[in-house]
1. Out of curiosity, is VAL39 surrounded by 15 or more Cβ atoms within 10 Å (Cβ to Cβ), touching a strand residue (DSSP E or B) at 6+ places or on another chain (Cβ under 7 Å) and within 21 Å of PHE92 (Cα to Cα)?
2. Scan segment 183-231 residue by residue and report those that are of a type in the set (Gly, Ala, Ser) and closer than 26 Å to ASN15 by Cβ.
3. Restricting to segment 112-127, what's the tally of residues that are among the aliphatic types (A, V, I, L, M) and surrounded by fewer than 17 Cβ atoms within 10 Å (Cβ to Cβ)?
4. Name the residue that is surrounded by the fewest Cβ atoms within 10 Å (Cβ to Cβ), counting only residues in segment 52-106 that are closer than 25 Å to MET186 by Cβ and among the β-branched types (Val, Ile, Thr).
5. Taking only pairs six or more apart or across chains, which ones have beta-carbon atoms under 8 Å, a first residue in segment 72-92 that is farther than 23 Å from LEU111 by Cβ, and a second residue that is of a type in the set (Val, Ile, Thr)?
6. Any idea which residue in segment 171-188 is modelled with the lowest pLDDT, counting only those that are in contact with a Ser or Thr (Cβ under 7 Å, 6 or more places away or on another chain) and among the polar types (S, T, N, Q)?
7. Pairs please, first residue from segment 42-54 and closer than 17 Å to ILE167 by Cα and at pLDDT 90 or above, second anywhere and of a type in the set (Lys, Arg) and crowded, with 19+ Cβ neighbours inside 10 Å, Cβ atoms under 9 Å, 6+ apart in sequence or on different chains.
8. Filter segment 110-134 for residues that are under 21 Å from the mean Cα position of the chain (by Cα), farther than 24 Å from GLY175 by Cα and part of a loop (DSSP other than H, G, I, E, B) and give the result.
Amino acid sequence: MQQEAIIDIKKLVRNFRLGSQTIKVLKEISFSIQKNEYVALMGPSGSGKSTLMNLLGCLDTPTSGIYSLNKQDVSQLSDDELAEIRNKEIGFVFQTFNLLPRATALDNVALPLIYAGLPKSEREKRALEVLGQVGLGDRVKHKPNELSGGQRQRVAIARALVNSPSIILADEPTGNLDSTTSNEIMGLFDIIHKAGNTIILVTHEEDIAKHAHRIIRLKDGNIEKDELNTSIATFN
């Protein structure tokens, strides 16, 4: 029996106005993602993958079509409603880490829990827990400039996990890292996936996409190919 879709997209369109022109960036794309899937979104520059990522992350709304996240249609929500969905349902991991420079690893990770309204003792307990999960239990009081690139990305991943979101949305998460550190971070995503998390990885790198179990390729605003990955990259 097939699991229920955590993400269900039907005929999603996103157009942008440029002067008197309408630029059609996404052209009626449809797909579903099941709970605990590990999916890579790939495509060259101009394929529409960044626009799609912004829609999936509730950072933008479509021109038309339906985007259902956990059975809720989020296609036409207000900015405030989208912000609430983002905080509850989506854990973001960015290429540039997006950490507060003057805050400790602990405070950076606990930040989403402030918006969720948790008291300080609970925020710190949960933040310590996820920092331990990503191997940074001994770095909780360090600030970003006292951490390596790989450690900073681990802090960002812990922050993405802290709210127990429905999906982890990772945008080029290894783009600023060397190949050895990239492999370590992808190994961490593998562990997170095995723990039951749904991961959507946005990348232009084939070797990074190979870690996902399914690859959706975009070209010119359309889905060019959507297939299971038969040669999943593994770790020693």
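The values are calculated or read from the model by the stated rules, or taken from the named source; none is laboratory data. Remember, it's a predicted structure, so these values are computed and weren't measured experimentally. Methodologically, a virtual Cβ is constructed for each residue, glycine included, from the backbone with ideal geometry; neighbour enumeration extends over all protein chains shown.
1. So VAL39 fits the description; yes.
2. Scanning segment 183-231 gives a single hit, GLY221.
3. Total meeting the criteria: 2.
4. Filtering segment 52-106 for residues that are closer than 25 Å to MET186 by Cβ and among the β-branched types (Val, Ile, Thr), the one surrounded by the fewest Cβ atoms within 10 Å (Cβ to Cβ) comes out as THR96.
5. Close Cβ pairs satisfying both conditions: GLN72/ILE85; ASP73/ILE66; SER75/THR61; SER75/ILE66; GLN76/THR61.
6. Only one residue tops the list, namely ASN176.
7. LEU52/ARG14; ASN54/ARG14
8. Residue satisfying the conditions is ALA116 alone.
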